[in-house]
1. Around VAL21, which amide H atoms from residues at least 5 apart in sequence, or from another chain, sit under 5 Å from its own amide H, with H modelled in the peptide plane?
2. Measuring from label point to label point, each 7 Å out along Cα→Cβ, what is the VAL306 to MET396 span in nm?
3. Between the alpha-carbon centers of region 215-261 and region 265-281, tell me the distance in whole angstrom.
4. How much of the calculated P(r) for region 285-372 lies past 21 Å, in percent of all Cα pairs?
5. Applying 1/(1 + (r/R0)^6) with R0 = 45 Å to the Cβ-Cβ distance of GLN81 and TYR253, what FRET efficiency is obtained, to the nearest 0.05?
6. What order, most packed first, do the peptides 351-357, 305-311 have when packing is the mean number of other Cβ atoms within 10 Å of each residue?
7. Would you kindly state how much longer the chain becomes between LEU176 and LEU412 on full extension, computed as 0.36 nm times their sequence separation minus their alpha carbon distance, in nm to one decimal?
8. If you scale each eigenvalue of the Cα gyration tensor by 5 and take the root, what three semi-axes come out for the chain, rounded to whole angstrom and sorted largest first?
Amino acid sequence: MNCDSVEMAGLRGKVHQQETVCIFGTGDFGRSLGLRLLQSGYQVVYGSRDPKNSLLLPEGSKVMAHEAAACEARVIFLAVQREHYGFLTPLAPDLEGKVLVDVSNNIRRGIYPESNAEYLTRLVPGADVVLLCGDSSEAKHLVVNIAQSLGFCAMDKGSLRAAADLEDLPLQLFPLWRLPFSIAIALVAFCFFYVLTRDVIYERVTTGKDNAFRIMVSLANKAFPIVALVMLALCYLPGALAGFLQLYNGTKYRRFPDWLDRWMLCRKQLGLLALAFAFLHVLYTLVIPIRYYVRYRINVYTLSLVKDNATYEFDNVAAWRYDSYFSMGILGFGLFVLLGITSLPSVSNSLNWREFRFIQSKLGYLTLLLCTAHTFLYGWDKFLKPYKWWLPPAYMLSLVVPCVVLILKLILLTPCMDRKITRIRQGWERQSGITANCSDKKTNQPLMA
């Protein structure tokens, strides 16, 4: 069948709502795409090897043989795997002048010497192959209009040479999580080795005491909260640094350094990983009362009191300290969970900009303050005790970054700083002396007539 006599719609550069779109492939992706197109007002026709098998296709669509379906539409979505592209070769005359949209995904990178889109171009040289990139501006414009009708934001990535890079995008494994994961792994390794040195190796070397059993729970429960607190602080440190950069530059229109941009883009992932470590800290803390070592220490202490006929005196200061310590931890963890919940797309999409900013910014800093206070109350006066091998307690190291962030934020909240940065973020720019006075100071002549 030759389609030269079929009238082509959409040649004016805009896809009309009642235009017919063809889909080759009746699998899961093809059916989902067809349903979305029907809901957006398009007519949908499927091309299939077995047109009679149409029970699962969306209601309102049509199904016919590939040759007939190709004549019904100008734009054809190819929703089949690359290894099944062979059926297109006999259809080359029917696909002449059509716009083929390649939506295939490979199972791994480098599996083929050329991209799927370039392979399609060789199979059907008369068609315009598009994968949000292509060699035909008109064909790309048609596809962009369809994507926008479906509610997507389409971006033209240039010629078909970019197809290989675009096809590799779905194969990337957690690209925004790589830096946060690297930071988390580095922090866990450092903190665990640090507490291992102070609590296990030091005791073994100096007293010969073997308390390596503490590795499983005690040391883990020291390393995890440290990592959680530091990573939570790292979520808010780039925002503070960005504020000082804007104050220094006197404008919000100058780009941040690349490292700061990358850091700010992964703040959500940093926060979620910090929440995961906080959960681990809570779980490890809950098992402390049933640990063998803890029960043994309680029994030994109780027996020593009985043996010495001594009384356990109530310490009012200690009661206040421990109650405050647990209270700060509970409140901080509760707000921490709230931050994690509002990071979920289903929740964040239901919040307006002001609500989301209030939770993630104001409540976020409150969470950091409560968790930092929780750590201070945990340490209490331990920093006054002799250090082991000149190594301060691990909790003191965990307070460095949070305290820096809180101090920077406090500086930015001062009235003079806050007013200035608010003006900058509203569009105000610090002008040079010449621009501000609109005259050249040397000649005292106006710069502009």
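All of the numbers you see were taken from the coordinates with simple rules; none came from a lab. Please read these numbers as outputs of a predicted model, since none were measured by experiment. Quick reminder, even Gly has a Cβ in these numbers, built from the backbone with ideal geometry, and neighbours come from all protein chains shown.
1. Those lying under 5 Å, H to H, from VAL21 are GLN43, VAL44, VAL45.
2. For the pair VAL306/MET396, the computed spacing is 4.0 nm.
3. After rounding, the separation between the Cα centres reads 12 Å.
4. Numbers: 2197 of 3828 pairs.
Looking at region 285-372, the distances longer than 21 Å represent 57 percent of pairs.
5. Values: r = 46 Å, r/R0 = 1.03.
E(calc), rounded to 0.05, equals 0.45.
6. Working: 351-357: 11.1, 305-311: 8.4.
Ranked from most to least packed, the peptides come out as 351-357, 305-311.
7. Numbers: separation 236, 0.36 × 236 = 84.96 nm, distance 2.86 nm.
Extra length available between LEU176 and LEU412 comes to 82.1 nm.
8. Numbers: eigenvalues 720, 236, 79 Å².
The three semi-axes for the chain are 60, 34, 20 Å.
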